[in-house]
Ligand code: ATP
Ligand code: MG
């Protein structure tokens, strides 16, 4: 007989209340549904339901890796510091690296990633171009002493990663390995029920990409993205979108009274102009200590990462620094700025001649300020954050904004590790050459959070069938009832015999408690058995994600469920 799980003995301690420490939906729900428990900051135990989800995700990964000919291995987590010294990363990696000593005072690290170990593994064994390419991977715990471990499985200090490394004899071969991994990563996300976008993280000199991050779209994501219907997507900090700037009106320079209108929205409302026709002034002290004013379109923000490229280690001016520089908070403009200030503007404003700007006088703005006549800009820079509506650099159409969770990344390493660690092979021409390497990582445990962020509602998780811990939950409304319980028990056995993954709520709890837990845990199909249905020969099936309900005769139940579940498996 096929097995099924009884809820009465399942270790899934559910919680009625949201745990105070959890901010993110996925963190709250995984705790509340009894799937994970915290051992210490960034260290989580995966309880049975979560472990089943993880094993399904790993199953999809293994299947896809096998499909592209990558081979699974397992290397030690504990890594001799020596290897990291050879690559030069022992010092460079910083405090995120977990370091420890053995009893002989020898240094080790707990692997945060394994380029060194894999390179070391092949360097004296893969000797000839004839043996290449080779891609090896593992699924294993990684350790990173994150500054801010948070959001449950999203950013842990110990987490599960699938990491793969490819070794090639030529750039063409590396490109092939990379493309195969990239394509597999897209399929893995999809098969696990995650809607993800490939975001170019780094573009190579030859054109094309040499690194892509897969971002699961979710409001809770830490990354801000812009994406286009044409398929282009980028981090807002990397995007070089075309910013559509509204031109101001031409005319004589005119000072207008704008009492208390110290923000862009105040000014545009007061003067009846679009925000993009105003100019936002950002006062900062650049990395060399110079007082700087930077102008951006009124409806755009300055991006911190881009700004660091331009200004170095800068900071926004404090009220005191503003006063010292002779600037009036909320009313800064390029006309009549105090002497000695570095004046820069985002390049998107270069083609705009007429500006609406602060008058460097409290409660006043200038209309019709003309570039060249009334003011000049010393430097043009790229600092704005791309946003919704900015134009796609590929096709020119307006882009959408979204937030994302980085679930995986593919990367062409080239000879970075093979050169520093002396990992070479004999090429066709008889010469020793360093391997061309690629590395490919998936945040397996983070994917669980990403699935929950994309599949939940106010009552709980809505697992997609492909990664659900179980496929069907039988909810027996009354365990004591001598009609309902025997039927529930028989239905459970039949469904299990039909090769469905079944859990049955056999607990002596009120129906309300069982329904709430069923919705919280989020098994995709609930088979609800009550007195009335049983008398009529029907089960009530509730689809968790859509809330649809169906009355299904017992005789058809297994097939009815199989018709829906089997095709939806990963
Ligand atoms: P992040 O920018 O989020 O810190 P990363 O770019 O440093 O991640 P990689 O080195 O690319 O991470 O690792 C591969 C994958 O491992 C990431 O795409 C992510 O899904 C996952 N990952 C990285 N750090 C963590 C963590 N602290 N907890 C859980 N998963 C993580
Ligand atoms: Mg990454």
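Computed from the coordinates by the stated procedures, all read-outs in this text should not be read as laboratory data. If you're wondering where the values come from, they're calculated on a predicted model, not measured in any experiment. As a convention, Cβ positions derive from the backbone with ideal geometry for all residues, glycine included, and neighbour counts pool all protein chains shown.
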Q: Treat each spin label as a single point 7 Å out from the Cα along the C-beta direction, and report the residue 513 to residue 305 distance in nm.
A: 4.9 nm
**Q.** Förster radius 41 Å - calculated FRET efficiency between residue 23 and residue 179 (Cβ-Cβ, nearest 0.05)
**A.** 0.65
Q. By how many degrees, 0 to 90 and rounded to 10, does the Cα axis of helix 171-191 deviate from the longest principal axis of the chain?
A. 60 degrees
Q: With r as the distance between the Cβ atoms of residue 37 and residue 566 and R0 = 41 Å, compute the FRET efficiency 1/(1 + (r/R0)^6) and round to 0.05.
A: 0.80
Q.
Students often get this wrong: which residues of segment 346-362 have the backbone nitrogen under 15 Å from the point 7 angstrom along Cα-to-C-beta of residue 380?
A. 346-354
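What full-extension length gain, to one decimal in nm, is calculated for residue 493 and residue 73 as 0.36 nm per residue of separation minus the Cα-Cα distance?
Values: separation 420, 0.36 × 420 = 151.20 nm, distance 3.78 nm.
Answer, rounded to one decimal: 147.4 nm.
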Q: Using only the alpha carbons, work out the radius of gyration and Dmax of the chain in angstrom.
A: 29.5, 92
Q. Where the Cα atoms of segment 117-183 are projected onto their three principal axes, how long is each span, largest first, in whole Å?
A. 46, 28, 18
Q: Would you calculate a helix-derived [θ] at 222 nm for the chain, using -39,500 (n - 2.57) for each DSSP H run of n ≥ 4 and dividing by the full residue count, to the nearest 500?
A: -7500 deg cm²/dmol
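Hey, with R₀ at 25 Å, roughly what FRET efficiency would residue 320 and residue 388 work out to, going by the Cβ-Cβ distance, to 0.05? Kindly include the intermediate steps, with their values, before the conclusion.
Details: r = 36 Å, r/R0 = 1.42.
Given R0 = 25 Å and the Cβ-Cβ separation, E is 0.10.
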**Q.** Sorted peptide list for 465-473, 350-358, 102-110, criterion being average Cβ within 10 angstrom, highest first
**A.** 465-473, 350-358, 102-110
Q. Binned at 10 Å from 0, what are the whole-percent values of the Cα-Cα distance distribution for segment 40-191, short to long?
A. 10, 32, 36, 19, 3
Q. So what's the gap between the Cα centers of segment 50-127 and segment 405-475, to the nearest angstrom?
A. 13 Å
Q: Quickly work out the residue 124-to-residue 431 label distance, labels modelled 7 Å from Cα along the C-beta direction, and quote it in nm with one decimal.
A: 2.6 nm
Q) Ranked highest first by the average count of other Cβ atoms within 10 Å around their residues, in what order do 231-240, 252-261 fall? A) 231-240, 252-261
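Mind checking the full-extension length gain between residue 8 and residue 459? Use 0.36 nm per residue of separation minus the Cα-Cα distance, one decimal, nm.
On the way: separation 451, 0.36 × 451 = 162.36 nm, distance 2.14 nm.
The residue 8-residue 459 span can extend by a further 160.2 nm.
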Q | residue 415 paired with residue 247, simple spin-label distance in nm, labels 7 Å along Cα-to-beta-carbon | A | 5.3 nm
